[in-house]
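J.: Okay, here's the structure, questions in a sec.
Just so it is clear, none of the values below were taken in a lab; they were calculated from the coordinates. All values reported here derive from a predicted model rather than from experimental measurement. So basically every Cβ, Gly included, is an ideal-geometry build from the backbone, and we count neighbours across all protein chains shown.
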Amino acid sequence: MTIVEHLAHRELTLVTGKGGVGKSVVAAALGRLLADGGHDTLLLEVDPRETLHELTDTPPSGGEVVRVSSHLRLQHVPPREVIEATVRDHLKVDLLVKRVTGSPVFAHFVEAAPGIDSLAVLGHAWRIHEGMGGRSLAGVDTIVLDAPASGHGLSMLGAPAAVAEVIDSGPFGEMAGRLRGFVADPARLALVVVTHAEEMPVTETLELVAGLGARLDRSPDLVVVNGVYPEYESHGLPEAAARLWRERRRMNERELARLTRYWKGPLAVVPLLALDRGPALVAEISRHLAGVPAPDPEAAHAR
Ligand SMILES: Nc1ncnc2c1ncn2[C@@H]1O[C@H](COP(=O)(O)OP(=O)(O)O)[C@@H](O)[C@H]1O
Ligand SMILES: [Mg+2]
């Protein structure tokens, strides 16, 4: 089985990684591969700034659901809006919702309570699968979430438990209780970690793998090492540039070796490509992800 078929059977694939490593291009590539396989896929973006539409060649979503192709939809929802939707589900009466979400106490609560953002985003995905996403999101089989840069994978997945600990009733308490099981279940939620083959990102990826094992008893479904320098072939560059290229390549190889000493699960290595940000880059990255084998259900990776 390929990683794409594996992800197709999950309700949500969370794509995490530090800002700038290629999280959005990988999320877009996975969305495209899933849709090409005939699965009705939603590509979901929750960063305050909207960028995924540039990768799918569609107009900005502005909160609306945009159709990319016959099996691919795209939605950008600012975190604040998914938080309000959670309150709306619970209170049902619009006037009350306005009074609650408009109050300074609520604003303070949202800013102060760690994990509310992450909880609401996970809740948005959960509600879509429960058929509560409205007509424009009906029939979604699987969701790919381009996680916010601030939402480190572990803090995002730990959010339901963290919130449940401090709030046990009301819209967020109830949501936290429901989502606890959802994030812990590898059959429902998949995790893709994107990194560069550089010292800091590799160290952080290994820490994330260890933390996931220790705290949630699970491991990533896929690690993507993006932007790896290709082998230098005589490109006619000046010697200084050629040397720099070879050094970057050696550094990438060294860090990749360090990663794979500990990480034995599914791995995709995507080269640095001479393409601008856009659909052509996404298409090329898709090709590097397509053939990766699914996780071995028997193996306990990197523990
Ligand atoms: N494999 C690659 N080859 C060349 N450029 C890439 C590659 N992956 C990402 N990029 C570029 O790097 C930048 C950051 O990618 P992006 O997906 O927006 O990162 P993130 O979402 O993690 O912040 C973008 O300009 C993108 O076009
Ligand atoms: Mg991004």
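J.: Could you work out the relative contact order of segment 57-135? I mean the mean sequence separation of Cα pairs under 8 Å and 6+ apart, divided by the number of residues, in percent. Before the final figure, lay out each step's value.
T.: Details: 54 pairs, mean separation 17.2, N = 79.
Computed value for segment 57-135: 22 percent relative contact order.
J.: May I pose another question? Taking 8 Å as the Cα distance limit and 6 or more residues as the minimum spacing, I'd like the relative contact order of segment 1-112 as a percentage.
T.: 18 percent
J.: To test your reading of the geometry: what angle, between 0 and 90 degrees and rounded to tens, separates the Cα axis of helix 79-91 from the longest principal axis of the chain?
T.: 30 degrees
J.: Which order do the peptides 36-43, 131-138, 204-211 come out in when sorted by mean C-beta neighbours inside 10 angstrom, highest first?
T.: The densest-packed peptide leads the list: 36-43, 204-211, 131-138.
J.: Gaussian network model of the chain, Cα springs within a sub-10 Å range: biggest mean-square fluctuation belongs to which of Val66, Val93, Val26?
T.: With Cα springs under 10 Å in the chain, the top fluctuation among Val66, Val93, Val26 is at Val93.
J.: With everything on Cα atoms, drop me the angle between helix 170-184 and the longest principal axis of the chain, reported from 0 to 90° to the nearest 10.
T.: Approximately 30 degrees, to the nearest ten.
J.: What ³J(HN,Hα) values, in whole Hz, does the Karplus curve 6.51 cos²θ - 1.76 cosθ + 1.60 give for segment 17-28 when θ = phi - 60°, with x put for Gly and Pro?
T.: For segment 17-28, the Karplus curve yields x, 5, x, x, 7, x, 4, 5, 5, 5, 4, 5 Hz.
J.: Can you bin every Cα-Cα distance in the chain into 10 Å intervals starting at zero and give me the percent of pairs per bin, rounded to whole numbers?
T.: So the P(r) values, bin by bin, are 6, 27, 34, 22, 9, 2, 1.
J.: Return one number: the angle in degrees, 0 to 90 and rounded to the nearest 10, between the long axis of the Cα atoms of helix 279-290 and the longest principal axis of the Cα atoms of the chain.
T.: Compared with the principal axis, the helix lies near 80 degrees.
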